[in-house]
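A short reminder: the numbers here are calculations on the coordinates, not readings from a lab. Note that the structure is a prediction, hence the values are computed from the model and not measured. Using ideal geometry, Cβ is built from the backbone for each residue, glycine included, and neighbour counts are taken over all protein chains shown.
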Amino acid sequence: MTGRLPSREPAAPPRPDGPTATGLLEAGSRRRNQPPPPAVVFEALTEPDRDPARPWLRLLDDEQPPRILRAEHPRLVVWSSLWPRRPDAEVRFELEFDGTYGTELRWTLLVAEPLPDPSLLGHLRKRMNQLVNGNLRRTFGQ
């Protein structure tokens, strides 16, 4: 995967009280600080292969590169599914300036009903956490 991820029509933002306008449910979410400012994190999410010295989106055999469904610089990115077995899934990234130098980054996994079984759901959440709060965070020296 090289360059900017291809985009498509904007996705509706999730409602905190239930499904999105497209019927997706929140299946997991995590918020954590990332050291650089939102514009830098936004770039990393929309162009994960831009800097070959900082690879972070290391996909497993059962995963595929995401497409950008929506991007609002520098505060929002929505990816298509990483998982061919759950093509309905989306990952929403909300980026907020943390008041000092960094970014408060929240990823939210959205899926259509039915929710994945507990084992698969745990795997999907763990992978997002590894990719974002592990791999991506380490590329920023943390």
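What ranking do 124-136, 108-120 get when scored by the average of other Cβ atoms within 10 Å per residue, highest first?
Ranking, from highest mean packing down: 124-136, 108-120.
May I ask you to list the GluC sites (Glu not before Pro) in the stretch 71-104 that are in a DSSP loop and have at most 15 other Cβ atoms within 10 Å of their Cβ?
none
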